[in-house]
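Peer 1: Below are the structure tokens for one structure; questions will follow.
The values are calculated or read from the model by the stated rules, or taken from the named source; none is laboratory data. These numbers come from a predicted model, not from an experiment. Methodologically, a virtual Cβ is constructed for each residue, glycine included, from the backbone with ideal geometry; neighbour enumeration extends over all protein chains shown. Only protein heavy atoms, including side chains, enter the accessible area calculation; ligands, DNA and RNA are left aside. Shrake-Rupley method; radii C 1.70, N 1.55, O 1.52, S 1.80 Å.
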Amino acid sequence: MNCRETRHKLDRYLRGELPGEVADEVKTHLKGCPDCRGALDTARELAEVFHRASTPPTPEGFASDLRELAAEREETILGPLPAWRTLSTPWRAAVAASLVVGLALGIIMGSGPENPAGQEVEAAQAPGLDYLSDSPRGSINRAFVSMVSDSQGEK
Amino acid sequence: MQSDRELMMRVAEGRMEAFETLVRRHQERAWRIAYHYMGDHDDAEEVAQQAFLNILDAAESYNPSAKFTTYLYRVIANLCIDRTRKRSPHLSDDPPEQDSPTPAPDRRMADRERDRAIRNALDELTDRQRMATVLRYYEDLSYREIAATMDATPKAVERLLARARKALGGKLAEFAEK
């Protein structure tokens with residue numbers, strides 16, 4: 001190992017972070033190289049200087065100020081949260097499952113055959129919407145059929 | 001206690017109390033990195049706050065395979081480097097007063113002189129050398145973690161730090177306690 005390679009590894013050598021084999025190579029080089037031993041002393045001193053450097057405390061109210069900033073941004077950029085985003089994941093899954101089940105039931109109930117026997121149905125007996133009115137059952141259907149027959153007869 | 005990953009999932013659901021828990025848990029390290037890199041109280045506060053806001057904005061795309069702290073370091077490092085590239089040269093803050101116990105006046109003056117020398121020496125490094133130095137010496141990160149933070153290889157980090165040590169050594173070694 002040459003001087004350049006050794007100096008690149010001095011920091012990790014000091015902290016015992018090098019694999020054993022590499023650390024042994026550095027150690028061997030250091031024994032025979034006063035310049036690199038000087039660099040090792042400098043690296044040690046540097047680590048010690050940084051270790052004792054002062055750091056001011058985190059500004060007071062940092063987290064609460066940040067929460068307000070974040071809430072303001074959410075309101076400004078996105079508008080109020082949509083209702084679904086306020087639900088937790090299990091609730092979202094439950095709502096989604098209910099929607100799927102409801103949709104599936106709707107499809108099943110709506111797709112059943114209206115005339116399962118496949119019999120031909122006279123227009124006059126076909127189910128119509130007149131059951132909702134006060135008219136006698138089938139009267140609207142009969143009126144429609146007779147109107148169509150008359151208009152075809154005219155042609 | 002909820003893990004950072006669980007908290008991030010809740011943040012993605014719009015849970016602000018989870019966001020606040022994350023902030024309280026990591027504010028000190030975010031502040032420390034930003035302060036030692038920027039060398040200015042107000043700039044550091046803005047950077048640290050912006051880092052958390054960026055994390056909030058990107059919460060839904062957070063990749064839990066990455067350790068949260070690595071993700072946080074990366075966001076802060078990018079903001080710090082980006083900001084120093086844009087800002088005009090400035091004078092750094094005076095070093096902070098030491099906390100209790102109150103040291104003797106001579107001691108206090110020596111500490112302030114040392115902190116100012118560190119600040120000036122850091123300001124003379126390149127952006128990436130300075131960030132690698134802050135992460136290594138103030139945060140005690142491994143070369144692998146620094147590499148992940150700075151999108152570099154451990155070998156590149158080794159070179160960055162070796163150059164930084166060479167530049168810093170002559171200026172700061174005298175402040176070591178003999």
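Peer 1: Look at B:Arg159 and say whether it is in contact with a helix residue (DSSP H, G or I) (Cβ under 7 Å, 6 or more places away or on another chain), assigned to a helix (DSSP H, G or I) and open to solvent by 20 Å² or more (accessible area, probe 1.4 Å).
Peer 2: So B:Arg159 fits the description; yes.
Peer 1: For the structure I just gave you, tell me whether A:Leu69 is surrounded by 15 or more Cβ atoms within 10 Å (Cβ to Cβ), more than 26 Å from B:Arg25 (Cβ to Cβ), at pLDDT 80 or above and within 7 Å of chain B (Cβ to nearest Cβ).
Peer 2: no
Peer 1: Any residue at all in segment A:7-25 that's within 13 Å of another protein chain (Cβ to nearest Cβ), β-branched (Val, Ile, Thr) and within 17 Å of B:Arg165 (Cβ to Cβ)?
Peer 2: So far as segment A:7-25 goes, no, none of its residues is within 13 Å of another protein chain (Cβ to nearest Cβ), β-branched (Val, Ile, Thr) and within 17 Å of B:Arg165 (Cβ to Cβ).
Peer 1: When residues of segment A:41-64 are filtered for being facing chain B (nearest Cβ under 7 Å) and of a type outside the set (S, T, N, Q), how many remain?
Peer 2: Summing the residues that are facing chain B (nearest Cβ under 7 Å) and of a type outside the set (S, T, N, Q) in segment A:41-64 gives 12.
Peer 1: Any residue that is at pLDDT 80 or above and part of a helix (DSSP H, G or I) - is there at least one of those in segment A:75-93?
Peer 2: Yes: segment A:75-93 contains one or more residues that are at pLDDT 80 or above and part of a helix (DSSP H, G or I).
Conditions (1) within 24 Å of B:Asn120 (Cβ to Cβ); (2) of a type in the set (A, V, I, L, M); (3) part of a helix (DSSP H, G or I), marked per residue:
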residue	(1), (2), (3)
A:Met1	no, yes, no
A:Glu17	no, no, no
A:Glu21	no, no, yes
A:Glu25	no, no, yes
A:Lys31	no, no, yes
A:Thr42	yes, no, yes
A:Thr55	yes, no, no
A:Ser64	no, no, yes
A:Arg67	no, no, yes
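Peer 1: For segment B:6-55, what are the residues that are touching a residue at least 60 places away in the same chain (Cβ under 8 Å), buried (at least 23 other Cβ atoms within 10 Å of the Cβ) and at the interface with chain A (Cβ under 9 Å from one of its Cβ atoms)?
Peer 2: Residue satisfying the conditions is B:His36 alone.
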